[in-house]
1. Taking the Cβ-Cβ separation of residue B:341 and residue B:234 as r and a Förster radius of 51 Å, what is the calculated FRET efficiency to the nearest 0.05?
2. By counting other Cβ atoms within 10 Å of each Cβ, how are A:43, B:81 ranked from fewest to most?
3. Between residue A:275 and residue B:43, what is the label-point separation in nm under the 7 Å Cα-to-beta-carbon projection?
4. Report the calculated FRET efficiency for residue A:30 and residue A:217 (r = Cβ-Cβ distance, R0 = 30 Å), to the nearest 0.05.
5. Using the per-residue mean of other Cβ atoms lying within 10 Å as a proxy for protection, in what order, highest first, do the peptides B:236-249, B:305-318 fall?
6. Sorted from fewest to most neighbouring beta carbons within 10 Å, what does the list A:283, A:387 look like?
7. Given a Förster radius of 41 Å and the C-beta distance between residue B:130 and residue A:369 as r, what FRET efficiency does 1/(1 + (r/R0)^6) yield to the nearest 0.05?
8. Within a 10 angstrom radius of each residue's Cβ in B:126-132, how many Cβ atoms of other chains show up on average? Whole number is fine.
């Protein structure tokens, strides 16, 4: 049994690690669900998923499918009522259902009213937003092939490899059959992003670029800010405090990284086999240089310790500073769209596996340090009957990477 | 005050007419979107403005994303106070504000301006809530991320440890953690495979040529228009905030002039009245632990380096003596210069950590033939290069 105070820390650390893992698992589950759904058959929203049969149902049942299509389009149009307007897409919207083989709707600028629809559609008088286009995609299965052609016309993306013969032949050939299922594998390359979305995204990147450029070139504002800070400092009536805890934490982080890098280099140098004597001289110089740098870092740490002790700085609330890592936007909003290219699934998988492995090992190292700090003093205590079990437990946790559980045998002295 | 805007475009230094615009732009950029009136009321230290400002400071300083729980107002006040002190806020009047959050709006306004004057606050806030439309791969090698452990001053953990703990429970927790990690790695591998398929199947769809294919989020928006609507709405909201931030930048000098008047309206602080009230030990001393830990590691490293360097040098000098070699002066100088350069690069590496490719990268799979051409242009990171940079498992 462990004493209460050390066990509290152990349990808190382990529980925290487990909670962090659980959180990651949750997020991963969510994105896995999304991905799996995307790679399966896309069902029209609001209708229970049809059986994923590979062959079309017998074409000798037009009326149920007719009704099903009508229902789908009903739902689509109902959704359209809730969506904001966009005049640019009215013509397309009118054009698209026009080519639907079963509807004989007139090509009016207003959204078409197919014959025999329920009266709920008469309320659809507003033109729909272009982001409604993807809804048309999922409900009218034949229609998605028409969208690329129209998008090409409006966007002028003639360079892309969409087939120009997308228009009528496929529609007419598909017309007699029932609605086909849509899978990403077969028809993924025909998708197009809605125009409103593209516009918003490009506006977003433009605004970010503007913001970062203004940040780089504002000397007047920087002067005004500096003046204000000085006035604040003067008005507070205290001498300049020196370091804040946030700065201390940042420096400690830097020095921890320095320690890691220095150790890496030291291992490189000492592991290398002795080469010719000039190389060897350089190696000696390198090691001595590393030693000097380590000494400088140590001196800096001592200064920080004195500062912390002398000023009675308060530690960070909640135990960790939220902006220690620059990747959370620490230094400034230096946002640039950064891409990572990969060429095969295996590459991507091994990258992710490496990253996770590294994180896992770092966490295990930290936990082992905590365990060592808490458990080793207990093991070194006075011998007692229960100490055997404790030793065995400590061995299983700390030795051999926690992989083995040793067996303890009492060796009876032979009589 | 509700003054109407007379002109839209006005040079900085125009005075009072542009001030409402500046404050409105600022409040549109900030996370909780406080009412611009709050700022005016705070100048006159009216108590109605205080709760909104406490909430705002809490969101700005301590709340990293929208998912974390928000504690009740008294706790918010305490946390904001200690966070400001940890940042080095100079004015002592803040610590003397009552904990029920009902007073001190002028002081809070000064605190907010002090944070803004640091220069990068708005940028950081906007980056924090940036909407990502691609499949992101975090490329961060910071060890801080691995130390995602519990903070020790939360209310008691679920296991009652007042009577001591059985070791087997600790062993069980460690095993559970290991199992969870393996599960996580498997799950991630599956996700990589799925994402890779999605990227392959949607090649040629994206309007942005440099990207080429859709991401999972974009494909999802095509499949489910409701989700797409959500995404669009979030993007538009971010665009609104970005525009407000740009306008704020334009009108910033006016704000600082006004803040000077606010500062002037404050009663003069008495000179340092002795040591500040220290906070109770309910806050963990994790920062001190870190300091101690790093000191110990560096000391151990320094000793190892000392031994290694001495050993190598004596060996080398012995070798030189035996073989009767002599280093000529140019050789010495060249070697020293080389080593200096290497060490300077090393120092730069840890001091300029932020310059490394940090932050989430968007995954892009170029079509097979074009990989070479793609690698030439633009700020892209090829997977092979990044793999070299990673420390191996």
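FYI, it's all coordinate maths here, none of it is from the lab. Because the structure is a prediction, the values reported are computed rather than measured. Because the Cβ atoms are built from the backbone with ideal geometry, glycine has one as well, and the counts that use them run over all protein chains shown.
1. 0.60
2. A:43, B:81
3. My value for the distance between the label points is 6.9 nm.
4. Working: r = 41 Å, r/R0 = 1.37.
E between residue A:30 and residue A:217, to the nearest 0.05, is 0.15.
5. The most tightly packed comes first, giving B:236-249, B:305-318.
6. On the way: A:283 23, A:387 15.
The most exposed by this proxy come first: A:387, A:283.
7. 0.75
8. Details: counts 6, 9, 5, 1, 5, 3, 0.
So the per-residue partner count for this stretch is 4.
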